[in-house]
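Bear in mind these aren't lab numbers, they're just calculated from the coordinates by the rules spelled out. Because the structure is predicted, anything quoted here is derived from the model rather than measured. Glycine gets a Cβ as well: all are built from the backbone with ideal geometry, and neighbour counts include every protein chain shown.
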Amino acid sequence: MIRTPLLAAGLMASTALAFPALAEQVNIYSHRQPELLQPLVDAFAAETGIEVNVAFVDKGMVERLVAEGDRSPADLVMTVDIARLGEVVAAGVTQPVTSEVLDANIPAGFRDPEGQWFGLTTRARIVYASRERVADGEVTSYEDLADPKWKGRICTRSFTSDYNVALTAAYMAHHGPEATKTWLEGVKANLAVKPSGNDRSQVKSIWAGECDISLGNTYYMGQMLSDPEQKDWADSVRIVFPEFEGGGTHMNISGVAMTKAAPHREAALKLMEWLASDEAQAIYAETNNEFPVEPGVKRSALVESWGEFTPDTLSLTEISGLRPDALRLIEEVDFDAGA
Ligand code: FE
């Protein structure tokens, strides 16, 4: 059995001793729901004998790592969204990793050229469309969401949320700031209700008839289908993969970075490389219905059922660089004041 103490968020550096001091171990600070990581951690521990401890850090990840400094017990940080990975790196609490295994298994667009972070899974930001009220082929591009034909028909969570800021940054990379501003104003004008809630509550709104389409990440379909209360919401929509004109469907990642302090560097690198292996990638694919970052690994049956699409090939480094500008535009058009 391995132990995985789930430390509550916001504990101070003095809780470092909550991780048992064993030679062969890896300590992870994770922003991800513990149940997503558990099957991976268990399989790695069973294969290697290396103990893995996961502390679920819901909020204040960066502050905590900065406060702990060289004394941090954490070897790895795991989180979702390029924004949060970028934030950890920008705080100077990670170290670069060079690994032939990671370079071979993770496509270049999904890892930092300097080796400061590595994507482990990808997710597409797609349109959930009402089965009843949206015809096949009615939505095809992100650009189209600003078309007046969608007036009063779009629901979304706040556009200042990480997922939507990344999407807006990708829009900027494709079309430049002027066109992005016009697009944001167009989408805002099409909102059915004021932005609120999360990706799943937008689908609930479609189910309730309040709007016809919403933006969301792909894996939420899997989460809704396995939740008795949310299954009806999921059944009321289908997934449409919009594309950027001249590009593909916007992708984001979940990923890992090694901390600067990393007391168990060697074991931590072993775990990173293992997470990019076929075996781990398959577990990821099944557990949360994300896309394996490694191109050769099979998708889950549910993900497979959504069909093929063309992922955008923008690098996440470029998207990450445009985030501040994207956020400024979203605030400038006062997007969240829409409807
Ligand atoms: Fe999410």
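Tabulated values for the structure
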read-out	value
Rounded D (µm²/s) - the chain, Kirkwood Rh over Cα pairs, Stokes-Einstein at 37 °C, 0.692 mPa s	159 µm²/s
Stretchable slack from residue 58 to residue 337, in nm (0.36 nm times residue separation minus alpha-carbon distance)	97.7 nm
Efficiency of FRET between residue 178 and residue 67 - r from beta-carbon atoms, R0 35 angstrom, step 0.05	0.25
Between 0 and 90°, nearest 10: helix 34-48 axis offset from the chain longest Cα axis	40 degrees
Alpha-carbon centroid distance for the pair segment 165-222 / segment 270-339, whole angstrom	16 Å
Label point distance in nm, residue 318-residue 103, each placed 7 Å from Cα along Cα→Cβ	2.2 nm
Estimated distance in nm for a label pair at residue 141 and residue 90, the labels positioned 7 Å out from Cα along Cα-to-Cβ	3.1 nm
Extension gain, residue 133 back to residue 24 (0.36 nm per residue minus Cα-Cα distance, nm)	33.6 nm
Placed amide H near residue 141: partners under 5 Å, 5+ positions off or other chain	243
Degrees between helix 162-189 axis and first principal axis of the chain (Cα, 0 to 90, nearest 10)	20 degrees
Antiparallel bridges, percent of DSSP beta bridges restricted to the chain (to nearest 5)	65 percent
Tensor-based shape of segment 208-339 (alpha-carbon gyration tensor, a/c under 1.5 rounded, otherwise prolate or oblate)	oblate
Modelled FRET efficiency - R0 30 Å, residue 151 with residue 201, Cβ distances, 0.05 increments	0.90
Integer Hz, Karplus 6.51/-1.76/1.60 couplings in order for segment 145-161, x for Gly and Pro	5, 8, 6, x, 5, 9, 3, x, 10, 9, 10, 7, 6, 3, 7, 8, 5
Segment residue 301-residue 33, extension gain: residue separation times 0.36 nm, minus the distance between their alpha carbons	94.3 nm
